[in-house]
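The next block holds one structure in the form of structure tokens; read it before the comments.
Derivation of every value follows stated rules applied to the coordinates shown; laboratory data play no part. Fair warning: this is a prediction, and the values are worked out from it, not measured in the lab.
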Amino acid sequence: MQLAKRILLIGALSGAIAGAQPPVPPPQPSAYEEARGLYVDAALVQVQAYRKNLDAAMKSAPDQGAQWAEAKRLLKTLEALISRLRSAAPSEFDAVKATFERTRMELDRALAGGAG
């Protein structure tokens, strides 16, 4: 009987102590995760602007289908690269980012060639 009372008392005290603990805050993102998120957000806005410009260009010059096909292909590549950037480990982020930037420059050239 004494043993049962002691176990119950210890259990009650443990619960009271555990309940008195402040809640554990959620983990904060690392500096890398924060920087990656900012870059991906900016890249997404950029790609959305490209999509809008490409749609407008295709409406204004529908006869340049081959030029627009290349631009659409590059735009899809950029969208896929954004997905990769979202989940890239620190060891691969720079390589994916460099590929994104090269593809973005190719899209700039494709859009400039189609408009000219």
### Potential lengthening between Ala95 and Gln48 on full extension [0.36 nm per residue; Cα-Cα distance subtracted]
14.7 nm
### Task
For segment 52-60, just list the computed ³J(HN,Hα) in residue order, Karplus coefficients 6.51, -1.76 and 1.60, θ = phi - 60°, integers in Hz, with x standing in for Gly and Pro.
5, 5, 5, 4, 5, 5, 5, 6, 7
### Query
What are the ³J(HN,Hα) values, in whole Hz, obtained from phi via the Karplus relation 6.51 cos²θ - 1.76 cosθ + 1.60 with θ = phi - 60°, for each residue of segment 91-107 in sequence order, with x given for Gly and Pro?
6, 10, 4, 4, 5, 5, 4, 4, 5, 4, 5, 4, 5, 4, 5, 4, 5
